[in-house]
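Readers should treat all values here as calculations from the given coordinates under stated rules, not as data from a laboratory. Treat the numbers as computed from the prediction; the structure is a model and nothing was measured. With ideal geometry, Cβ positions are generated from the backbone for all residues, glycine too; neighbour counts draw on all protein chains shown.
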Amino acid sequence: MGHARALVGVKDEDNQLDVYRQITKQNLSVREVEDLLREGKEKNKDDTKQKEEKKDKPTVSSEQKSFTSDFSDKVAAKVQIKKQPSGNGKMIINFNSEVDLNRIIEILNE
C-alpha cells in the first residue's frame, strides 16, 4: 500500500512505470521510494529553475556594472540592478538602519 501511495503522486504514467520497475528490481522500501521521488522532484525543480533563469535573465552591461560599483562606493551600501525580460527593472539600494537610510537619502539629494 505504501509503495502504491507514493506512486500515485507521480503524474506521468511513464515515470510511474519507471519507478515501479526500479522498486521491483532494487527491492526498495517505501521510505526509499519516497526519498527517490522527493529527490527527483527537487532535481526537476532546480533544473527547470536554472533553465528559466539562464533563458529569461537579461544581462547587465559592463557600463551598468561599472555604474553599480561606483554608485555603491558613493552611497557606501550594496547596490543591485535587477532587469526583467520585458526591459523594465529596478535598482535596489540596501540599508541597515533608519539612520543609514537617511544618510543615503541625503547623499541622493546633494
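Points worth noting:
- A cut-off under 13 angstrom between Cβ atoms defines the neighbours of residue 96, and their net charge, with Lys, Arg +1 and Asp, Glu -1, is 0.
- Under the Debye formula (equal points on every Cα, no solvent term), log10 I(q)/I(0) of segment 62-109 at q = 0.13, 0.19, 0.29 Å⁻¹: -0.33, -0.65, -1.08
- With respect to the chain, whose longest principal axis is taken over its alpha-carbon atoms, helix 30-56 is tilted by about 40°.
- Charge dipole of the chain about the Cα centre (unit charges at C-beta), most positive-ward option of 109, 40, 59: 40
- 0 to 90° range, to nearest 10: angle between helix 62-75 axis and the chain longest Cα axis: 60 degrees
- In the list (i) 2, 10, 13, 12, 8, 8, 7, 7, 7, 8, 8, 6, 3, 1, 0; (ii) 2, 12, 22, 25, 21, 13, 5, 1; (iii) 2, 10, 11, 12, 14, 15, 14, 11, 7, 3, 1, 0, the label attached to P(r) over Cα pairs in 5 Å bins from 0, in percent as derived from the coordinates here is (i).
- Mean residue ellipticity at 222 nm, helices only, the chain: -22000 deg cm²/dmol; runs of at least 4 DSSP H residues each add -39,500 (n - 2.57), and the sum is divided by the number of residues.
- Relative to the longest principal axis of the Cα atoms of the chain, the long axis of helix 13-26 makes an angle of roughly 60 degrees.
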